[in-house]
1. Nearest 20 debye, what's the magnitude of the dipole of the chain about its Cα centre given +1 on Lys and Arg Cβ and -1 on Asp and Glu Cβ?
2. At q = 0.15, 0.19, 0.21, 0.24 Å⁻¹, what is the log10 ratio I(q)/I(0) for region 134-202, with the Debye formula run over Cα points and no solvent?
3. Report, largest value first, the span of the C-alpha coordinates of the chain along each principal axis, in whole Å.
4. I need to check one value: relative contact order of region 53-163, counting alpha carbon pairs closer than 8 Å and at least 6 residues apart, in percent.
5. Find, among the trypsin sites (Lys or Arg not before Pro) in region 83-123, those assigned to loop by DSSP (not H, G, I, E, B) with at most 15 other beta-carbon atoms within 10 angstrom.
6. At 7 Å along Cα-to-Cβ for each site, give me the label-to-label distance between Glu98 and Ala47 in nm.
7. Return the FRET efficiency for the residue pair Phe82, Leu140: r is the Cβ-Cβ distance, R0 is 45 Å, and the value is rounded to the nearest 0.05.
8. For the chain, what is the accessible area per residue in Å² when the probe is 1.4 Å?
Amino acid sequence: MLPQQQAHGAQHLHPFKLGLTGGIGSGKSTVAAMLAECGATVLDADAIARSLTAPGGAAMAPIAQAFGPQAVATDGGLDRDFMRARAFSDASTRTQLEAIVHPLVGQTIQARSQAASDQGARWLVWDIPLLVESPHWRPLLDTVLVVDCRPDTQIARVQARNGLSAATVRSIMAAQASREQRRAAADWVIFNDDLCLQQLRALVLSISAQMPL
């Protein structure tokens with residue numbers, strides 16, 4: 001399937017900022033790696049969040065204050081199993097955790113974007129899983145690329161990759177934006193369901209070639 005581009009009239013600033021998002025198991029990380037091969041500087045919001053919740057990370061003190069010592073693993077980082085169980089069973093817990101972590105992620109992405117711009121980067125990819133869920137991101141971006149696939153494909157990929165149960169994967173998917181919401185927010189869509197890596201790379205190359213750099 002060819003990528004779809006919708007009308008987008010905003011004039012871009014340099015460096016050009018492409019927002020990349022997609023549901024769990026969509027292949028978004030693979031597309032991010034391919035965009036990096038095309039010359040983009042990729043800023044990975046998930047990787048930044050992991051660093052913020054690692055031992056000594058800037059999010060750990062407020063997390064411990066908000067959720068107690070049981071939220072902190074023995075190494076001083078986030079006890080991810082504890083927080084995952086709490087967050088997916090209690091929406092208010094997830095909201096409270098996101099209120100701590102997301103602003104720090106945004107500040108880090110902005111700082112790294114500025115550093116990349118100072119070093120001459122012309123094209124940034126902001127890889128943000130929850131781009132559609134938060135109204136904060138879209139005004140900061142020039143265009144949005146969504147990687148999409150069928151729900152049963154998502155479940156099968158995540159089970160094969162992480163060994164999670166189908167019910168757990170469905171609960172993660174339910175906490176994310178729907179496919180329809182992501183596609184409605186997109187300027188570009190890649191339907192990554194039955195594509196081999198060669199076909200996916202060809203689509204990514206086609207999109208990258210049309211970036212106004």
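1. Details: 18 positive and 18 negative charges, 25 e Å.
For the chain, the charge dipole is close to 120 debye.
2. -0.61, -0.91, -1.02, -1.13
3. Taking the Cα atoms of the chain, the three principal extents are 50, 42, 26 Å.
4. Values: 51 pairs, mean separation 16.3, N = 111.
For region 53-163, the relative contact order is 15 percent.
5. On the way: sites: Arg84, Arg86, Arg94, Arg112, Arg122; in loops: Arg122.
Within region 83-123, the qualifying trypsin sites (Lys or Arg not before Pro) (loop, at most 15 other Cβ atoms within 10 Å) are Arg122.
6. 2.4 nm
7. Details: r = 32 Å, r/R0 = 0.72.
Given R0 = 45 Å and the Cβ-Cβ separation, E is 0.90.
8. Details: 10630 Å² over 213 residues.
Counting only protein heavy atoms, the per-residue value for the chain is 50 Å².
The values are calculated or read from the model by the stated rules, or taken from the named source; none is laboratory data. Quantities reported herein were computed from a predicted structural model and do not represent experimental measurements. Counting neighbours? That spans all protein chains shown, and the Cβs are built from the backbone with ideal geometry, glycine included. Remember, those area values only see protein heavy atoms, side chains included, never the ligands or the DNA or RNA. Shrake-Rupley method; radii C 1.70, N 1.55, O 1.52, S 1.80 Å.
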